[in-house]
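Colleague: Please see the structure below; I have some questions.
The values are calculated or read from the model by the stated rules, or taken from the named source; none is laboratory data. Everything numeric in this text was worked out from a predicted model, so none of it was measured. When we count neighbours, we look across all protein chains shown, and the Cβ atoms used for this are built from the backbone with ideal geometry, even at glycine. Please note that ligands, DNA and RNA were not included when accessible areas were found on the heavy atoms of the full protein model with its side chains. Shrake-Rupley method; radii C 1.70, N 1.55, O 1.52, S 1.80 Å.
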Amino acid sequence: MKKISNNIFFIMLITGSLITISSNSWLGAWMGLEINLLSFIPLMNEGKKNLMTSESSLKYFLTQAFASSILLFAIILMMLFFNNNWLINNNFNDLLILSTLLLKSGAAPFHFWFPGVMEGLNWINSLILMTWQKIAPLMLISYNMNYNFFLISIILSMIIGALGGLNQTSLRKLMAFSSINHLGWMLMAMMNNELLWFTYFLLYSILSMSIILMFNNFKLFHFNQIFNFSMMNPIIKFFMFLNLLSLGGLPPFLGFLPKWLVIQNMIELNQIFLLFIAVCLTLITLYYYLRMSYSIYMLNYNKNSWMLMNSYNNKNMNLILTLNFISIMGLMMITLIYMIL
């Protein structure tokens, strides 16, 4: 029974986002966001119920409901402005809408709720929050851009995403700060090119899925659990290491491709200063991915005389290894196909 209700809520979650994306009015987009929010709350509370899960779902609900109420207020103001030609500054209204959408997507300077909510969720819900839940707000942001405020949000997202993850021992919080940093890159791509940010988002979702499913399969939530990872097959360890490098955007892995496209686009538009900040701060995120990989390989390493097969010989592992292969070899395969054609 519980599985059926979860499936219904999941379908509603997808439907809510699709309503927002396909809506031709702001009010319709707002309704889609509300359906999406109200169907994600029960999914957050599924499985093991503890204090952190309840706290996370309450935090998520309060911040999203607050953002939705301000968004509705801004939409009503906009309608009044167009119908009665009131003396309301239209730039202020655009700024209000943009702020609420950035709050919904978890971009800086409205990121405060995101790491706290991630900490209380299981890995699958964390994956939904990092990927699917960002589609609708980002799509609406692309319709309504205020250049100066957008620039501030991009730079702050990159700074907070890079520096916030440095002192973390929780893998979920680390992935949350990583997501904030990637969101900065997506916003930067969106500023100039509609297709570019969606390409970045799609590839980021594949990379996040490959690494989060691996964390979920081995029930890893904190750094000290990675230290005791010596029971694991060295090949899977190596895959995890390369996956982290790919998520950090290191060539020649797939994670470098979206960053490469954005860098190319920014150079063509002569936005060198913003690009310089983005690349420097991405190096910091790469440092904390390397720190995680370093702990897998170097610290407390001992090898058993036998291998425990049950930890990696299951159905999920085939999907995880396929995603890992795409994440690691994707860019080389795309380059090879491009050269052949």
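Colleague: Each residue of region 217-226 in order: what ³J(HN,Hα) in whole Hz does its phi give by Karplus 6.51 cos²θ - 1.76 cosθ + 1.60, θ = phi - 60°, with x for Gly and Pro?
Modeller: 5, 9, 6, 9, 10, 9, 4, 5, 6, 5
Colleague: Let me ask another. On the protein heavy atoms, probe 1.4 angstrom, tell me the percent of accessible surface of the chain carried by carbon and sulfur.
Modeller: Details: 11420 of 16130 Å².
That fraction is 71 percent.
Colleague: Kindly report the accessible area of the chain per residue (heavy atoms of protein chains, probe 1.4 Å, no ligands, DNA or RNA), in Å².
Modeller: On a per-residue basis, 47 Å².
Colleague: Another question about this same structure. If I stretch the segment between residue 268 and residue 38 completely, what's the gain in nm (0.36 nm per residue apart, minus their alpha carbon distance), one decimal?
Modeller: Working: separation 230, 0.36 × 230 = 82.80 nm, distance 4.23 nm.
Taking 0.36 nm per residue and subtracting the Cα distance, the gain is 78.6 nm.
Colleague: So how much accessible area does residue 147 have, in Å² to the nearest 10, using a 1.4 Å probe?
Modeller: Counting only protein heavy atoms, residue 147 exposes about 120 Å² to solvent.
Colleague: To continue, here is another question. To the nearest 10 degrees, how steep is helix 132-141 against the longest Cα principal axis of the chain, on a 0 to 90 scale?
Modeller: Rounded to the nearest ten degrees, it is 30.
Colleague: Separate question: How long is the gain from residue 169 to residue 10 if the chain were fully straight, where each residue apart is worth 0.36 nm and the alpha carbon distance is subtracted? Don't skip to the end; give the middle numbers.
Modeller: Numbers: separation 159, 0.36 × 159 = 57.24 nm, distance 3.05 nm.
So the extension gain works out to 54.2 nm.
Colleague: Please list 252-260, 235-243 highest first by mean number of surrounding beta-carbon atoms within 10 Å per residue.
Modeller: Values: 252-260: 20.6, 235-243: 18.6.
Per-residue Cβ counts within 10 Å, averaged per peptide and sorted highest first, yield 252-260, 235-243.
Colleague: Between 0 and 90 degrees, rounded to the nearest ten: what's the tilt of helix 51-84 against the longest Cα principal axis of the chain?
Modeller: 30
Colleague: Ok, one more. What are the ³J(HN,Hα) values, in whole Hz, obtained from phi via the Karplus relation 6.51 cos²θ - 1.76 cosθ + 1.60 with θ = phi - 60°, for each residue of region 164-176 in sequence order, with x given for Gly and Pro?
Modeller: Calculated HN-Hα couplings, in order: x, x, 5, 9, 8, 10, 8, 5, 5, 5, 4, 5, 5 Hz.
Colleague: Moving on. With the contact rule set at Cα under 8 Å and sequence spacing of 6 or more, what percent relative contact order holds for region 1-339? Could the numbers behind the result be given before it?
Modeller: Numbers: 418 pairs, mean separation 49.7, N = 339.
For region 1-339, the relative contact order is 15 percent.
Colleague: Sticking with this structure for a sec: Round to the nearest 0.05 the FRET efficiency obtained for residue 152 and residue 51 when R0 = 35 Å and r is the Cβ-Cβ distance.
Modeller: Values: r = 36 Å, r/R0 = 1.01.
For residue 152 and residue 51, the calculated efficiency is 0.50.
Colleague: Going by alpha carbons, how many degrees (0 to 90, nearest 10) lie between the helix axis of 90-105 and the longest principal axis of the chain?
Modeller: The helix 90-105 is inclined about 20 degrees to the chain.
Colleague: Next up: Amide H of residue 222: which non-local residues (sequence gap of 5 or more, or other chain) have their own amide H closer than 5 Å, using H built in the peptide plane?
Modeller: Under 5 Å from the amide H of residue 222 lie the amide H atoms of 171, each far enough along the sequence or on another chain.
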